[in-house]
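Undergrad: A single structure is presented below for examination.
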Amino acid sequence: MHSYDEPVYLISVVASVLDIHPQTLRQYEKEGLITPSRTQGRMRLYSQRDVDKIKLILRLTRKMGINLAGVDVILKLKFQMEEMTEEIETLRTELSKVNRNGSVPTHKAVVTTSNYDIVIFEDLK
C-alpha cells in the first residue's frame with residue numbers, strides 16, 4: 001500500500017481512471033492547479049492526493065461551471081483555510097497548556113464565534 005502523498009500513478013493511468021484526456025492534466029499543470037512529481041526521465045507521477053485534487057477540480061468545472069481562474073482562487077482559499085485551522089488548533093493547544101483552569105489572563109483576549117475561538121496574543125511590554 002502506498003502513502004497518500006507518494007507519487008505512483010502515470011499520467012495515462014490518472015487520465016483513464018478519471019475519464020479525461022491526458023492533455024487536460026497537462027493544462028491543469030500549466031495553469032498551476034496541480035504539480036505532479038517528475039521521474040529522472042521527466043515523466044509525470046501523481047499521488048493519491050493529486051488525484052483527489054483533480055477530482056475536486058473536475059467537480060468545480062463540470063458540475064458548478066467554474067472556470068480555471070475561479071478554481072485557482074477556490075484552491076488557494078481552501079489552502080489558506082486549512083492553514084488557519086491548523087494555526088487555531090495550535091493556539092488552542094498552547095492556551096490549554098498555559099492556562100488549564102479555563103480563565104484567560106488579562107493581557108490576552110479570546111473572541112468566541114460559533115465555529116472558532118480566535119486567540120489574540122498581545123505583548124504589553
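Undergrad: Show me, for segment 2-7, the HN-Hα J-couplings you get by feeding each phi into the Karplus relation (A = 6.51, B = -1.76, C = 1.60, θ = phi - 60°), rounded to Hz, glycine and proline as x.
TA: 9, 6, 4, 9, 7, x
Undergrad: Moving on to the next point. From the phi of every residue in segment 86-97, what ³J(HN,Hα) in whole Hz does the Karplus formula 6.51 cos²θ - 1.76 cosθ + 1.60 yield, where θ is phi - 60° and glycine or proline is x?
TA: My calculation for segment 86-97 gives 5, 5, 4, 5, 4, 5, 4, 4, 4, 5, 5, 5 Hz in order.
Undergrad: Let me ask another. List the residues whose amide H sits under 5 Å from the amide H of Ser37, counting only those 5 or more places along or on another chain, with H placed 1.01 Å from N in the peptide plane.
TA: For Ser37, the qualifying residues are Leu45, Ser47.
Undergrad: Ordered by residue, what ³J(HN,Hα) values in Hz, to whole numbers, does segment 47-52 give under the Karplus form 6.51 cos²θ - 1.76 cosθ + 1.60, where θ = phi - 60° and Gly and Pro are x?
TA: 8, 5, 4, 4, 4, 5
Undergrad: On average, how much area does the Cα convex hull of segment 4-65 cover when viewed from any direction, in nm²?
TA: If I average the Cα hull's projected area over directions, I get 4.1 nm².
Bear in mind these aren't lab numbers, they're just calculated from the coordinates by the rules spelled out. Please read all numbers here as calculations on a predicted model, not as lab measurements.
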